[in-house]
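**Q** My questions all concern the structure below.
The values are calculated or read from the model by the stated rules, or taken from the named source; none is laboratory data. None of these values were measured; they are calculated from a predicted model. All Cβ positions, glycine included, derive from the backbone under ideal geometry; neighbour counts span all protein chains shown.
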């Protein structure tokens with residue numbers, strides 16, 4: 001028997017099966033038999049590394065399925081590992097999982113690739129690390145042979161041995177390959193080591209001063225290195241439906257076109273193009289999908305939420321949870337708002353000596369600009385919407401000659417009144433003016449949501 005057959009046989013042996021899982025195998029088989037329109041993407045010029053990728057850090061728990069699977073030992077850890085994702089939870093519920101079960105042991109550490117969930121555009125790799133004598137184990141970010149042109153996200157590092165960990169590979173301009181080799185190192189904490197703070201703050205040192213300190217990063221020791229050859233069942237990697245839409249709408253004086261919607265088992269991509277004559281770049285969308293039963297599919301709440309144009313600041317592809325397993329006959333896209341970056345507001349000039357900025361988004365004000373021995377710390381009061389206020393400024397800034405500088409870190413605190421304070425450290429910057437790069441300039445809420453039939 002192959003791994004899929006072993007997995008199905010094991011599920012059949014587990015009794016009792018929770019009521020919530022009744023009929024999942026049958027539903028999966030029916031859905032696999034459905035015809036789906038497929039389109040193979042060509043790879044355009046340009047690298048994924050040039051794309052702007054938005055990462056959302058909030059976690060949106062989806063507990064019903066996790067509870068349903070709680071009595072099935074073989075699925076319990078996987079159900080818990082995907083509880084933050086309605087799409088991945090639906091994939092597990094519908095038996096859309098490829099068991100792997102590859103194990104390697106080096107220096108007493110055992111790494112096991114347990115499962116993968118894949119489709120045409122994403123790979124989700126679930127694995128465990130086990131070793132006695134360690135409080136926690138962590139996988140370094142992996143490398144791939146051949147090189148993969150994708151965004152790689154890792155989660156749940158420095159976890160208790162045996163915890164089901166997770167890598168996500170998101171392909172933008174190409175499809176998931178048939179196979180690749182994944183290599184990663186493992187680090188760990190035994191509980192016996194005590195590493196002093198490499199830059200212990202002085203008693204009199206303020207948080208602002210601490211932000212300007214250059215902290216040498218301690219490189220952890222690699223305890224073991226693993227190489228896994230992973231092959232993906234083409235039944236899974238071929239799954240996806242691309243729906244041409246080509247619907248143009250107007251919002252806040254800007255013209256946008258939803259060109260197509262890509263529906264995959266793990267996510268949905270809504271592709272949007274802005275009119276060249278627009279006065280603002282599209283930076284974010286408030287939107288959701290709804291089917292004929294009123295079931296709602298919201299924006300991705302953890303992982304890649306949008307990808308951008310390598311040649312402009314605009315975001316062009318936005319992500320939603322997937323209705324793939326909902327057997328939807330009709331889908332309607334509802335657009336309720338947007339976030340913009342005005343084309344004449346990409347950079348704003350700050351007068352550091354006088355503590356002023358020529359222009360700031362509504363809800364953002366200067367609180368202080370403090371000169372320190374080794375640079376400046378800028379503090380802003382932020383009352384903008386909670387989902388974007390931490391990302392007012394990009395990590396890049398410029399001097400008057402156009403030289404680019406990068407911030408190593410940001411500071412953020414939430415005050416008792418709900419306001420936020422954003423801290424921008426300009427380390428070793430000795431000029432009197434600076435050009436700050438904005439991530440957005442204003443937001444729009446539609447008086448009447450834009451509705452676009454998708455299917």
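**Q** Filter segment 278-305 down to residues that are closer than 18 Å to residue 441 by Cα and crowded, with 19+ Cβ neighbours inside 10 Å and give me whichever is farthest from the chain's Cα centre (by Cα). Even if it seems obvious, please write down each step before you answer.
**A** Step one: filter segment 278-305 for residues closer than 18 Å to residue 441 by Cα, giving 278-286.
Adding the requirement that they be crowded, with 19+ Cβ neighbours inside 10 Å leaves 280-286.
Numbers: 280: 24, 281: 21, 282: 18, 283: 15, 284: 14, 285: 15, 286: 17 Å.
Ranking the qualifying residues of segment 278-305, first place goes to 280.
**Q** Which of the following residues is surrounded by 19 or more Cβ atoms within 10 Å (Cβ to Cβ) and over 19 Å from the mean Cα position of the chain (by Cα): 168, 112, 105?
**A** Numbers: 168 fails: over 19 Å from the mean Cα position of the chain (by Cα); 105 fails: surrounded by 19 or more Cβ atoms within 10 Å (Cβ to Cβ).
Criteria check complete, one pass: 112.
**Q** For segment 134-155: of the residues being touching a residue at least 40 places away in the same chain (Cβ under 8 Å) and in a loop (DSSP other than H, G, I, E, B), which is nearest to residue 107 (Cα to Cα)?
**A** 134
**Q** Any residue at all in segment 236-245 that is without any contact (Cβ under 8 Å) to a residue 12 or more places away in the chain, surrounded by 12 or more Cβ atoms within 10 Å (Cβ to Cβ) and either part of a strand (DSSP E or B) or in the same structural domain as residue 96 (by TED's automatic domain parsing) (or both)?
**A** In the first step, residues of segment 236-245 are kept if they are without any contact (Cβ under 8 Å) to a residue 12 or more places away in the chain; the result is none.
Looking through segment 236-245, none of the residues is without any contact (Cβ under 8 Å) to a residue 12 or more places away in the chain, surrounded by 12 or more Cβ atoms within 10 Å (Cβ to Cβ) and either part of a strand (DSSP E or B) or in the same structural domain as residue 96 (by TED's automatic domain parsing) (or both).
**Q** Name every residue in segment 252-277 that is touching a residue at least 40 places away in the same chain (Cβ under 8 Å), over 21 Å from residue 173 (Cβ atoms) and surrounded by fewer than 18 Cβ atoms within 10 Å (Cβ to Cβ), in order of residue number.
**A** Once the filter is applied, which keeps residues that are touching a residue at least 40 places away in the same chain (Cβ under 8 Å), over 21 Å from residue 173 (Cβ atoms) and surrounded by fewer than 18 Cβ atoms within 10 Å (Cβ to Cβ), segment 252-277 yields only 252.
**Q** Within the bounds of segment 217-226, is there any residue that is in a loop (DSSP other than H, G, I, E, B), in contact with a helix residue (DSSP H, G or I) (Cβ under 6 Å, 6 or more places away or on another chain) and farther than 30 Å from residue 439 by Cα? Lay out the reasoning, then the answer.
**A** Taking segment 217-226 first, the residues in a loop (DSSP other than H, G, I, E, B) are 217-223.
Next cut, in contact with a helix residue (DSSP H, G or I) (Cβ under 6 Å, 6 or more places away or on another chain) only: none.
No - not one qualifying residue is present in segment 217-226.
**Q** Keeping to segment 307-322, report how many residues are buried (at least 22 other Cβ atoms within 10 Å of the Cβ), out of contact with any helix residue (DSSP H, G or I) (no Cβ under 6 Å at 6 or more places or on another chain) and touching a residue at least 60 places away in the same chain (Cβ under 8 Å).
**A** Summing the residues that are buried (at least 22 other Cβ atoms within 10 Å of the Cβ), out of contact with any helix residue (DSSP H, G or I) (no Cβ under 6 Å at 6 or more places or on another chain) and touching a residue at least 60 places away in the same chain (Cβ under 8 Å) in segment 307-322 gives 2.
**Q** Same structure again: For residue 196, state whether it is in contact with a helix residue (DSSP H, G or I) (Cβ under 7 Å, 6 or more places away or on another chain), in a loop (DSSP other than H, G, I, E, B), surrounded by fewer than 14 Cβ atoms within 10 Å (Cβ to Cβ) and modelled with pLDDT under 95.
**A** no
Yes/no matrix, rows are residues, columns are (1) within 17 Å of residue 152 (Cα to Cα); (2) touching a residue at least 12 places away in the same chain (Cβ under 8 Å); (3) assigned to a strand (DSSP E or B):
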position: 83; (1), (2), (3): no, yes, no
position: 87; (1), (2), (3): no, yes, no
position: 90; (1), (2), (3): no, yes, no
position: 102; (1), (2), (3): no, yes, yes
position: 105; (1), (2), (3): no, no, yes
position: 113; (1), (2), (3): yes, yes, yes
position: 116; (1), (2), (3): yes, yes, yes
position: 120; (1), (2), (3): yes, yes, no
position: 129; (1), (2), (3): no, yes, yes
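**Q** Condition (residue is at negative phi, part of a loop (DSSP other than H, G, I, E, B) and either in contact with a helix residue (DSSP H, G or I) (Cβ under 7 Å, 6 or more places away or on another chain) or surrounded by fewer than 18 Cβ atoms within 10 Å (Cβ to Cβ) (or both)) applied to segment 443-454: is it met by at least one residue? Write out each step before concluding.
**A** The first filter runs over segment 443-454 and keeps only residues at negative phi, leaving 443-454.
Remaining after also requiring part of a loop (DSSP other than H, G, I, E, B): 454.
In the following step, the residues that additionally are either in contact with a helix residue (DSSP H, G or I) (Cβ under 7 Å, 6 or more places away or on another chain) or surrounded by fewer than 18 Cβ atoms within 10 Å (Cβ to Cβ) (or both) were identified as none.
Looking for residues that are at negative phi, part of a loop (DSSP other than H, G, I, E, B) and either in contact with a helix residue (DSSP H, G or I) (Cβ under 7 Å, 6 or more places away or on another chain) or surrounded by fewer than 18 Cβ atoms within 10 Å (Cβ to Cβ) (or both), one finds none in segment 443-454, hence no.
**Q** Does residue 257 count as under 30 Å from residue 136 (Cα atoms) and either in contact with a helix residue (DSSP H, G or I) (Cβ under 7 Å, 6 or more places away or on another chain) or at pLDDT 95 or above (or both)? Working first, answer last.
**A** Details: under 30 Å from residue 136 (Cα atoms): no; either in contact with a helix residue (DSSP H, G or I) (Cβ under 7 Å, 6 or more places away or on another chain) or at pLDDT 95 or above (or both): yes.
Criteria not met by residue 257.
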